[in-house]
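Contents: one structure, followed by commentary.
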């Protein structure tokens, strides 16, 4: 077990050195971690979303990430029918090396969508998000080279940690932009961009201060019904960069209508796959019924890391609930 903790600490340090934010393979199912402009961009009066990711779960819980968010439109009777003002809140946690490093984020976001035509077929949205971040380093289970003895890591380390430097708190600011609409023939599209850590907050556990690098994200997708309307093709892509690290994900899923309800409450089964270039293949399955949509995926490691991880990948699941009143006006919104 100690050798795994040493390996996990090394991985954690490497990830911190690249300054990469926690991320989800199902980025399309985690709206408020993808783009603040997605706040309120759904067809209904309230959305609750939850995500859970466990990367390399059999290696002492190397990386666990989970989030829950709620967003809803406000002032619906005071704005033009093609416009929408919405607010949202999110709690986001990331644990590394079986809880050695725990990051917790609490966010509040606001988004405004403006219709670009009288029917609201095309729109532009802007969003802002403020985040209060807490980072805690638990040194209890850390092992260092000077502790190694013939019977294991039983010695006493000379490393000294100032308790006041084991907890970090700061405020963060994020923003995003989103275009979406529908073309003739019921072809829907969306394209967005976001910037995280605009104010570049400082963080450190050892006294030296480091500015958190900004993360730039570009994402988009297109979806359209197949002939007959019994199935729909959903495609989406993501590119993001932070501190020299880059991530590109592309993929698609087909949604099969199971109950022949094409308008109000369809029951849809989704199957597809995404690919993160240079890293992993991500098979995906999902089910949408009533107000619920759930999805599961698994990262199949395709890079050289498959040797170190014994070909283990990352399990991920998402769950979204959208409350819709009979009196709600339908709007075109991004999906996947």
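The values are calculated or read from the model by the stated rules, or taken from the named source; none is laboratory data. Note that the structure is a prediction, hence the values are computed from the model and not measured. Positions of Cβ are backbone-derived with ideal geometry, glycine not excepted, and every protein chain shown enters the neighbour counts.
Residue-wise test of (1) within 19 Å of residue 104 (Cα to Cα); (2) part of a strand (DSSP E or B); (3) touching a helix residue (DSSP H, G or I) at 6+ places or on another chain (Cβ under 7 Å); (4) at pLDDT below 90.
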| position | (1), (2), (3), (4) |
| --- | --- |
| 53 | yes, yes, no, no |
| 57 | no, no, no, yes |
| 68 | yes, yes, no, no |
| 72 | no, yes, no, no |
- prompt: What about residue 107, is it over 23 Å from residue 83 (Cα atoms), modelled with pLDDT of 75 or more and touching a helix residue (DSSP H, G or I) at 6+ places or on another chain (Cβ under 9 Å)?
  reply: yes
Of the residues in segment 274-293, those that are touching a residue at least 24 places away in the same chain (Cβ under 8 Å), part of a strand (DSSP E or B) and surrounded by 15 or more Cβ atoms within 10 Å (Cβ to Cβ) come to 274, 275, 276, 280, 282, 284, 286, 288, 293
In the set 26, 20, 15, the lone residue that is modelled with pLDDT of 95 or more and closer than 17 Å to residue 276 by Cβ is 26
Within segment 75-102, of all residues that are over 16 Å from the mean Cα position of the chain (by Cα) and assigned to a strand (DSSP E or B), the one farthest from residue 139 (Cα to Cα) is 84
Cβ pairs under 7 Å, 6+ apart or interchain, first in segment 300-326 and part of a strand (DSSP E or B), second surrounded by fewer than 15 Cβ atoms within 10 Å (Cβ to Cβ) and at pLDDT below 65, ordered by first then second residue, are 301/311
